[in-house]
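Q: Following this message is one structure expressed as structure tokens.
Rule-based calculations on the coordinates, nothing more; no lab input. Every value quoted in this text rests on a predicted model; they were computed, and no experiment measured them. Note that we place each Cβ from the backbone using ideal geometry, even for glycine, and neighbour counts take in every protein chain shown.
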């Protein structure tokens, strides 16, 4: 289509898109990274062929969408308008779905979602416990749009916020509305977004930039990737509005090289926005011009830090610099620069369209709106959950996450990525907001949430994250570079049974030195896993040091495997699966483990059906 030359033309065009048949039959198939990994492409192809076979191509649409959040069950297929929900169907299931659900409007019972707690099949998404307590405002349109179609985004109200800003609001009005909403940065620190914009707008300088930080490097985190894959235009629209408010005419999206699908869909979205007239010179005939460029990062965790990210965009090694001056005053190429996270930008159009009052009534007194978490680890329902700020950890783990697999006991929840803290099960009713998490010794971060059960060694967890951060440190400042190395050596020594009680005091001292003197927040928050595990799980450290035992049965030098002779049935399954031939015994007789040969891989424990293998 031709480029839209005015806001009036945009509204006319938008109205034509929304006049379509809202009740037209549609087969929705989720196709973000998680869906594609489980065969979404074959599912889409099978659906299209079956619809053609029944000569229904004019009556039935196949809508390829982004992630629908329930990653544990992706790809998801939904038949609209009945909203029949099918988790992870196979291509061979498509004929039955088309015949029964699309043509006749009836669910195919054996393909429906079955919730263990409900003990029955569930037809509709809204009745599935995973979705019930969510408040999906950023993810709301994921099933309504094809992420590669700007027309789909406009059809559901996309870019209406931009036209409102360009026609009715001054930059000061926009900043005032964002401040009033209470929106805080979703990338880690939680700094008030409106104030950040105001600082940048008021900073002297004629050239200003806005940046979207999509350098999502936390292990187990994939919220930003999913949002970019599923609704890239929401981020682009937010950036245009922010640039208008700040006075910037150039924007950058800094995204990880490891996110090829996000880059592909962003590239398409930016090109489409240019073609329609929503990016480029004189947007919709207004005096405002703005362009966006994608920059692919090389996977350095430290580049999630603002100043390191800017150095990378400029072509230098991604190392942080001393602040002040802050980026709002002196950022990219020495010019005032505003950096926000993917989720922060995506919230902006919603606030402008629905109003600051609407947004500020969601969440708590100081933590407004919703937050998207990647709920992973020892949890039944893994996936992306969008919930109002202030929801409790209990609701997240048990009501939405479905509890711990195999009836095991919750031990801890780590929030905030590798620089976050480990919150014990005793704090399960803790509200999830910035202040409550900080008081517990953790952080909100960008939304990573890892659930740990009784078989998790908290000393080993601290070692794992410190090792990750040690390898990701840029090495520019001594407290981070040397502190993380020494911290890892101490933790490794404890896990190997060589620790002393004096090590615990040294760990704590190191942690506070790093917090107080590191150049950037990678070093400043890196001790959180150590400090919280020392605070809540000190008994495990003592057991490693004094008793030379790992209570969780994880640290190999401190454990051994043996077979309970009374419980063993002599089935031989452990013997067949042992990679070291360390298990022996006569046919139908109890087996024994040769400790000299055993490499403590745990295979025997995993395959034993009679709980005869013990870790001592």
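Q: So for segment 24-132: antiparallel DSSP bridges make up what percent, rounded to the nearest 5?
A: Around 65 percent antiparallel, to the nearest 5.
Q: With 10 angstrom as the radius, rank 314, 454, 472 by how many other C-beta atoms surround their C-beta, starting from the fewest.
A: Exposure proxy ranking, most exposed first: 314, 454, 472.
Q: Please state the relative contact order of the chain as a whole percent: Cα pairs under 8 Å, 6+ residues apart?
A: 11
Q: Also, quick follow-up: Taking only C-alpha pairs under 8 Å that are 6+ residues apart, what is the relative contact order of segment 560-615 in percent?
A: Value for segment 560-615: 47 percent.
Q: Follow-up. Could you please state, rounded to a whole Å, how far the C-alpha centre of segment 518-562 is from the C-alpha centre of segment 89-144?
A: Between the Cα centre of segment 518-562 and that of segment 89-144, the gap is 42 Å.
Q: Follow-up question, since we're still on this one. Using alpha carbons only, how many degrees (0 to 90, rounded to 10) separate the axis of helix 260-276 from the longest principal axis of the chain?
A: Result, in degrees: 10.
Q: Same structure, new question: Any chance you could give the angle, 0 to 90 degrees and rounded to 10, that helix 478-495 forms with the longest Cα principal axis of the chain?
A: The two axes meet at around 40 degrees.
Q: Could you work out the helix-only [θ] at 222 nm for the chain, with each DSSP H run of four or more residues adding -39,500 (n - 2.57) and the total divided by the number of residues, to the nearest 500 deg cm²/dmol?
A: -10500 deg cm²/dmol
Q: To continue, here is another question. To the nearest 10 degrees, how steeply does helix 193-202 sit against the main Cα axis of the chain, on a 0 to 90 scale?
A: It is inclined by approximately 50 degrees.
Q: A follow-up question, please. What list do you get for 103, 137, 423 if you sort them by fewest beta carbons within 10 Å?
A: Taking fewest neighbouring Cβ atoms as first place, the list is 103, 137, 423.
Q: Percent antiparallel among DSSP beta bridges with both residues in the chain, to the nearest 5?
A: 55
Q: Suppose a student asked you for the relative contact order of segment 458-547, using Cα pairs under 8 Å spaced at least 6 residues apart; what percent would you report?
A: Relative contact order here is 37 percent.
Q: Fewest Cβ neighbours within 10 Å first, please rank 197, 358 accordingly.
A: 358, 197
Q: If you find the alpha carbon centre of segment 244-293 and of segment 324-395, how far apart are they in angstrom?
A: Taking the Cα centre of each part, segment 244-293 and segment 324-395 sit 21 Å apart.
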